[in-house]
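The values are calculated or read from the model by the stated rules, or taken from the named source; none is laboratory data. The model shown is predicted, which means the values in this text are computed figures rather than measured ones. All Cβ positions, even for glycine, are placed from backbone atoms using ideal geometry, and neighbour counts span all protein chains on display.
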Amino acid sequence: MFCEVCGVHLEENAMFCDSCGHRVMGEEAPRVNNYTPPPAPATEQATYAPPARTGPVFIAFNDVSKQYTMGEVKIDALDRATFDIAEGELCLIIGSSGAGKTTALNVLGGIDSVTGGEVQVDGRTITSLSNKQLIDYRRNQVGFVFQFYNLIPNLTALENVEIATQLSKDPLKPEDVLNMVGLHDRMDSFPAQLSGGEQQRVSIARALAKNPRLLLCDEPTGALDYETGKQILQLLQDTCRQTGTTVVIISHNMAFEPIADRVVRMRSGQVYDVTVNPSPMNVADLEW
Amino acid sequence: MTRALFRDTLRSMRRTLPRFISIVIIVALGVGFFTGLRAVSPGMRAAAYEFFAELHLADIVIQSTVGFDEHDRLAVLELSGVENVTLSRFVDGILFDPPLPGSYDPVMAQGMTGAPYVIRVIGHDFEGYDEDNQRSDRLNTLRLVQGRWPENYNEAVVSAYANRMEPQRFSVNQRILVRGDHENLLDTVRNAPGVEERHDGGVIYTIVGVVHTPEFLAMELGASQAGGGELSGYIYIPNRAFHRPYYTTLLVGVAGSRGHAPYTAEYDYLVRRVRETVEEEAQRILAQRTARIGPQLEEEIENGRAELEAAREQVEELTQALADRPAELEARRQELLAETAQERYDRLMAEFEQNLAEFEAAHERYMVAHARRATIPYSREDYIHAQNRMRTAQESWEMADMGLQVGRAAIETAEAILESGDPARMGNAIAILSIYFPMNPGDANVAGVTRMLEEARVDMDFQEIMLEEARLDLEHERARLARFGPYLRELDAYEAARRDILEAETQMLDAQHWLNNADIMFAIMQHEFEQAERDLQIALQEQNFGLQRIANSERLLRQAENLLVTLPDAQWMTNNRDHFPGYTNFGDTADSMQQFAIAFPILFFLVASLVSFSTMTRMVKDDRKQMGMLKAAGYSAASISLKYIFYAASAGVLGAILGTAIGFLFVPQAIFFAYQILYLIPTMPFGFFPLEAVIGVAAALISTVGAVLASVVVNVRNHPSVLMRPKAPRAGKRVMLERVPFIWNRMGFTGKVTTRNLMRNKMRGLMTFTGIMACTALLVVGFGIGDSLGTMLNRQFGPESIMRFDAQANLQVPMRAGDTVQLEAFAPHLQTGDITSILPAFIQQLYVDTAGFDRQVPARLSVPETTENFDEFVQLIDNDTGEQLHLASEGAIINGKLAEIMDIGVGDTITVHWGLQQANMRVAAINYNYIYHWIYVSPAYFEQTFGMPCEFNMVLVNLNPSLRVAGLTGDTLATAMEDRTALARDLTDTVHVMAVAFNQTIIDSVGAQLRVMRDVVTVVFVAASGALAFVVLYNLNIINIYERIRELATIKVLGFSDKQTDMFIYRENIILSVLGIAAGLALGVPIFGYIIRQAEIESMMFVRTLVPWVFIAAGLVTLVFAVGINVVMHFRIKGINMVEALKSVE
């Protein structure tokens, strides 16, 4: 990676150029302690009120903060983020790069810690679980779908699903899940032999096969073309509807908003708006 | 390379420091091992060169059947090519240790194999050394490292080797006794003036210094004509101490030889030419010598006969003198044994009591007498006084009476003369009267006489009155004396009683005195007896020495006679430096190190290049995108490659420098240190060997830069757009195993992934496998050599080994078959069971060669008196079949190593050289043996080949198990040791046995040295293999984890526990480790087989087989290394940050 301004080589995950100080990552900077972001419009702040709930609260983010240090700079990835998600909802977390949505998802998935506040899932405070309990939580409660699929290249589609099911307590039959995602004829293919959409479907199948209460998807369409991305969204919506699994999708694409039961909008690590959609649109009808 | 690119390169080094360092280390290991091992051989040669040059080691050694003198020296010095000639002489004696506790006689010391400790007393002219202890006027000089040069005839210097190995014997200020072997040492050398001559003809030398000598380089010193023929040590004494100008050896220095390193073809060529000249001139110089010494010899023979006669007379005298000794001793013994201390005490007590009783009786009598005495009014003094008075009175009376009668007679005579009136008789009358009465001569007439007569008559009357008074007095005294009469008996009785009691008291006190000092008395008697016994022993020994003197004189005479006969055939034996013990072995060792230096480093270089290849490939792969961008920015392929080349080259060069430094500085010194147990050469110079350094650096660069080029070139040629696109991850592939659903379906996912991964990353798998294999193989070799060194002795000596006997006794006088006199010494112990069996044997060190073999090898000839129960003492096992061999009457059994060296087999003939005698023997079988070379023959075959009956100089002894020290501890050990020492003392106190050596002693002392060597070897190998395993496994695992970090993060997100995640990586490691260990164990066998043979020295066969524990240990230690790495990796894996790992995609 190189700095776009001065051309100096940068470390893999560098956020700032060592020599000229140019910001490398994303369009918008996360808030830095010596940088004061423009305050959110007062009207919005004032009008924001928690929306009516559609069901019992399943996920609760209470004043969650995540601060980490990079060199001498402190960064607030989450800044007192607060929102709820009800059980069985398809929730969309929207925000641009660096808004903190991925951190929120990681915390929810039990793979990242917080520095303040608490997160409850189904009444359990997952932010205070031990490492062992977290492993158990990840194993049985959560299904994760990544932007870049993260399939094990050495395992076939079926085996990639099985790798998840062999862990969890009450799994679904891997073949059934793969059938469900429309891959009944590609079960024995290796990831390299599958298209991006197919890989993502394997990834979803892997997440679903564990029969989780919560499905977390990090930009699931980010690496896919329009048509494929739509199919994937459809799959996720169908899953939510048919199995009652709570699905959380993060995306920077606001066009997806209509399909969600609930939309959480983030900026600079803060949740600045949550809307509940009483009649979400079917993915098939969505155009962007 | 632009500055930016250069900076980038430096940064990437800093960022990937562990990776950089790991390449440096593996390269350093490879180069270090290579240069280090390569440097050993030239280093050893350089050490030898320096050492030999400084101490002027002779190039040619000449020995003659007729000896040398100064004339010969000058004659040889004149030959062309000869620069320096030195005469040398020595005498071989036998070393004695101080007496055992409770004994008087010094104990004969013993060498490695139990033969008498033959010590060579070498003459050396110490005067020639300058202030810095240097000289160049003679060959084979000495380097003084401690103390001073000898000044007196009874001062000596010892070698540093002996000083180090046996400090209890050979330290400065210590004194050692050297006796001649059946000869008087003083016949050959002088003792210091004023030192009393010992009855055994030995000399006590005081060690005054420690030296380095080039003459003896090895532990084994060669053969001797003395003792059992095993030369075990040597000292240097002043040359002037030798009586005769007869030299045994002529040392020759070749002109220009100091300019050539030993063991080189140039040196050998130079010396060979001069040696040929010497050999050509030998007869001419010999002829001169024989002409000179012929008359001398005749004279010597004459003297020898006289000496023999004198010796015989001496023995005759001694024998006669001895005749009464045993009877006398017996009398004393009887006296001593007649009663025990208790009996003696009881007797004295009885005597005392009797005396006491007598005293008391006397006392009683005395008291009675004394009481009576008290009643007597007079004392004996009174009585004596009275007696005296009476005696005085009597005398007075007798005097008066006699005077009266004489007076009367005179008067009567005078009257008669007067009456006759004869004037002639008148004179007579006066003379008669004047006897009694004083008369004047003028009165000599009648008137005068008449008047006188008248006076006399008056006087006579007076006298009569006096007489009467005296008589009365006497009467009185007599009456007085008579009063004592009744008391005299009483007084006598009293005085007798008084005398009696005094006498009884004296006797009683005497008895008490003896009673009180009974112990001392007994001790005095005992001492007197022992003194007598010892006198007898000394006398016997003197007789024995006398007998030896006869034998010696006979031998000398025979030798002189033989010499005279063979004078016309006198010859020289010329030798190269091979003559000096250890010279050849040292060169061979240096050669074998050369072999090591090829085998080992290849292993390391292979691994080093594999590791750096995989590391660099990984780095290049990581940088694909950057390479694409640079290329798009217009950098040439070459300048882009430069970064990686620079990275690799700097790691390679750094590693090479580090490796070269370690290699040249430490490795040769460490190995040389270990070899100092075998060789005397004291120091090795640090050496820098440019060629080796260049090869090392080149190999390092090839394995690093070459690896980079291989991967960079492939990539950098691509179009930028291709490079910028991430390279598709390698597709998963089905493996053969999947076609076997029976197995495949039973495997877990980790198993499946592992199997496919192994197949996918064959290269990396191969490297891990190779690394583990090399590590295990190294350990097999290391532990194998360690086991070999550690167990060799126990396989050679001890109950379950080849030489099963427990001890060997050296006989004073060799015995012939059927003799039993000498064996009497053992009889009591055979009876008590301390000794279970004995077997007389002839054991002699000598030299052996064979047709077509260019030199003589030292070996030991062993001939048992009977072959019947020989296997109770020595187990002969066939080298090939492992079957037990039996000594037959035709042919010799020789050991495998000897057969190997001389390249001979069963049915071939060997020639055995024993002094001037030699015998051809047919090889009947070849046996298994580790230490030294042994030739076993039956007594019949000995007689057949040597043409004389065998005389047995040793007795092999098997002990009762309770006296075997091996395996005992604590009190039992102490008891066994005491019993053993007592047994040895009992045997050596007899006249037949000179010394007893226990094999366990050899096992203990030599074993300690071998164990040090074993530990050094083991530590070196474990360290090297550990370093290898660590670097390889660490590096490869890091790469593996790095490459699969997303996979690992993913499965962690899926809920894999730490353990399961570890197994995702470990499974591969475990399988590869297990396979690598198995292959390493297999590979270790041939490498060990090769190396153990290279490491062997000529006189030993190391244990060439590997025992199970070596494999178990090698496998386990490798496993420990592997597990250690996995533990480190566990923390690496645990530390993976899922968020970070999943955040970006390449």
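General remarks:
- Residue match in region B:955-968 (condition: in a strand (DSSP E or B) and surrounded by fewer than 19 Cβ atoms within 10 Å (Cβ to Cβ)): no
- Here B:R618 passes the criteria (1) farther than 30 Å from B:V1006 by Cβ; (2) touching a Phe, Trp or Tyr at 6+ places or on another chain (Cβ under 9 Å); (3) at pLDDT 80 or above except the one numbered (3).
- Condition check for B:I1091: closer than 17 Å to B:F783 by Cβ, away from chain A (no Cβ under 14 Å), modelled with pLDDT under 85 and crowded, with 18+ Cβ neighbours inside 10 Å: yes
- Subset of region B:17-47 that is out of contact with any helix residue (DSSP H, G or I) (no Cβ under 6 Å at 6 or more places or on another chain) and at pLDDT 80 or above - its residue that is farthest from the other protein chains (Cβ to nearest Cβ): B:A47
- Scope region A:85-107; condition surrounded by 21 or more Cβ atoms within 10 Å (Cβ to Cβ) and more than 15 Å from A:E219 (Cα to Cα); matching residues: A:I85, A:E89, A:V107
- B:T9 falls short of the stated requirement of being of a type outside the set (F, W, Y) and more than 14 Å from chain A (Cβ to nearest Cβ).
- Taken over region B:185-214, the criterion of being among the β-branched types (V, I, T), over 20 Å from the mean Cα position of the chain (by Cα) and surrounded by fewer than 20 Cβ atoms within 10 Å (Cβ to Cβ) is satisfied by B:V195 alone.
- Answer residue from region A:236-261, given it is more than 14 Å from every other protein chain (Cβ to nearest Cβ) and touching a Lys or Arg at 6+ places or on another chain (Cβ under 7 Å) and is farthest from A:V161 (Cα to Cα) among those: A:T246
- Scanning region A:144-155 finds one or more residues that are in a strand (DSSP E or B) and in contact with a strand residue (DSSP E or B) (Cβ under 7 Å, 6 or more places away or on another chain).
- Checking each residue in region B:818-872 for being basic (K, R) and surrounded by fewer than 20 Cβ atoms within 10 Å (Cβ to Cβ) picks out only B:R855.
- Positions within region A:159-182 being away from every other protein chain (no Cβ under 13 Å) and either surrounded by fewer than 24 Cβ atoms within 10 Å (Cβ to Cβ) or aromatic (F, W, Y) (or both), in sequence order: A:D170, A:L172, A:K173, A:E175, A:D176, A:N179, A:M180, A:G182
- Taking the criterion of being acidic (D, E) and touching a Pro at 6+ places or on another chain (Cβ under 7 Å), the only residue of region A:235-269 that qualifies is A:D261.
- Count of region B:666-686 residues which are over 16 Å from B:M219 (Cα atoms) and surrounded by 16 or more Cβ atoms within 10 Å (Cβ to Cβ): 5
- Subset of region B:1021-1051 (residues that are within 14 Å of another protein chain (Cβ to nearest Cβ) and either touching a residue at least 40 places away in the same chain (Cβ under 8 Å) or part of a helix (DSSP H, G or I) (or both)): B:N1040, B:Y1042, B:E1043, B:I1045, B:R1046, B:E1047, B:L1048, B:A1049, B:T1050, B:I1051
- The listed residues are B:A1141, B:A1122, and the only one of them that is in contact with a Leu (Cβ under 8 Å, 6 or more places away or on another chain) and either acidic (D, E) or within 14 Å of chain A (Cβ to nearest Cβ) (or both) turns out to be B:A1141.
- Among all positions in region B:607-614, there is no residue which is more than 30 Å from B:Y1034 (Cβ to Cβ) and modelled with pLDDT under 80.
- Looking across B:G32, B:G81, B:G93, B:G67, one residue alone is under 29 Å from the mean Cα position of the chain (by Cα) and surrounded by 18 or more Cβ atoms within 10 Å (Cβ to Cβ). It is B:G93.
- Pairs where the first residue, in region B:704-717, is under 17 Å from B:L606 (Cβ atoms) and the second is buried (at least 16 other Cβ atoms within 10 Å of the Cβ) and among the hydroxyl-bearing types (S, T, Y), C-beta under 6 Å, 6+ apart: B:T704/B:S612; B:A707/B:S612
- Selection of region A:183-206 for residues being assigned to a helix (DSSP H, G or I) and either more than 9 Å from chain B (Cβ to nearest Cβ) or among the hydroxyl-bearing types (S, T, Y) (or both) yields A:G196, A:G197, A:E198, A:Q199, A:Q200, A:R201, A:V202, A:S203, A:I204, A:A205.
- Positions within region B:307-341 being loosely packed, with under 12 Cβ neighbours inside 10 Å and either of a type in the set (A, V, I, L, M, F, W, C) or touching a Phe, Trp or Tyr at 6+ places or on another chain (Cβ under 8 Å) (or both), in sequence order: B:A323, B:A327, B:L337, B:A338
- Filtering B:N544, B:N562, B:N585, B:N552 for residues that are at pLDDT below 80, in a helix (DSSP H, G or I) and exposed (fewer than 14 other Cβ atoms within 10 Å of the Cβ) leaves a single hit, B:N562.
- Within region A:102-132, the set of residues being within 12 Å of chain B (Cβ to nearest Cβ), without any contact (Cβ under 8 Å) to a residue 60 or more places away in the chain and among the β-branched types (V, I, T) comprises A:V107, A:I111.
- Members of region B:1052-1065 found to be within 7 Å of chain A (Cβ to nearest Cβ) and assigned to a helix (DSSP H, G or I), listed by number: B:V1053
- From the options B:T290, B:T248, residue that is touching a Lys or Arg at 6+ places or on another chain (Cβ under 6 Å) and in contact (Cβ under 8 Å) with a residue 60 or more places away in the chain: B:T248
- Screening A:T156 on (1) surrounded by fewer than 23 Cβ atoms within 10 Å (Cβ to Cβ); (2) facing another protein chain (nearest Cβ under 9 Å); (3) of a type outside the set (G, A, S) shows it passes everything except condition (1).
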